[in-house]
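Taking it in order: structure first as structure tokens, then the write-up.
Every number here is computed from the coordinates shown, using simple stated rules; none is lab data. Values in this document were obtained by computation on a predicted structure and should not be read as measured data. Here the Cβ positions follow ideal geometry from the backbone for every residue, glycine too, while neighbour counts run over all protein chains shown.
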Amino acid sequence: MVSEWLAEAMAIYNDESHQRREEYVAQVHFPSNILEDILEWAFKALPDEILVGLDVSEDRNLPDVEVDFQGENSKHNLFAGQGYRINEAKMVNRGDSFSVHHLPEEWTDEVFGSDRGPRAGRFTHWLHTHPNCPAIPSGPDADAAQSTDGVDLILGIEFSPEGPLPWWDDVEGERRVIGEKKSWFKRKDKRPILGRSVTGHHIHSLELIAFHKAGLGVNVVFVNEEGQPY
């Protein structure tokens, strides 16, 4: 069971994913417990960004759920792991926006393969965080995506106290907010609070996008342990 506030936020996100399904050519089903784990890692790693490798299980997406979130322009066999649920997440690296995409030596040395599952670190999908920054790809993000077999995901987190990372919003692009519709207030003490992190930070907003290296948007559907959507 994930936190109540996060479950409610994911349900709102899924509602938008369903309403906007015609805008996407594919979908990826993302378990809620993995998102909660990644949030914990992200806050413990501040002020760094983190890079997370994601792998899929042998379980296909539930057929009725996939059909429900499928648009008329859906493309098949677009990326590795398409049609299969994410089931594993490993934090691989932490650093700034330029260094976070590089894999440390211990994640490329085969001697550590047993700790990284059957693919020995060659994950299907990759996710990295944007602390106090929208989930919109930068130049380095787009470059890194070219070597991804699955899809790349970006998790933007707005939080306080901000420390050395004040909210940075001077960027254009498609944004998908997890939870309430985006509504920024000039007075920071008036910002809504979605929930609280394990480090005690207030979480004001979460954003998540997924995209294919060709630049195509991929719809994200949050699911529970049985594969049912929130």
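Listing for the model above:
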{"item": "Beta bridges by DSSP in the chain, antiparallel share as percent, to the nearest 5", "result": "70 percent"}
{"item": "The chain: relative contact order as a whole-number percent, Cα under 8 Å and 6+ apart", "result": "29 percent"}
{"item": "Footprinting exposure proxy for GLU72, GLU22, GLU8 (fewest neighbouring C-beta atoms within 10 Å first)", "result": "GLU72, GLU22, GLU8"}
{"item": "Sorted by Cβ neighbour density within 10 Å, fewest at the top, the residues MET91, MET1", "result": "MET1, MET91"}
{"item": "Count of Lys pairs (Cα-Cα under 27 Å; at least 8 positions apart or interchain) in the chain", "result": "10"}
{"item": "Debye intensity ratio in log₁₀ form over the Cα atoms of the chain, taken at each q of 0.09, 0.11, 0.18 Å⁻¹", "result": "-0.34, -0.52, -1.50"}
{"item": "Ranking of THR124, THR148 by count of other Cβ atoms within 10 Å, fewest first", "result": "THR148, THR124"}
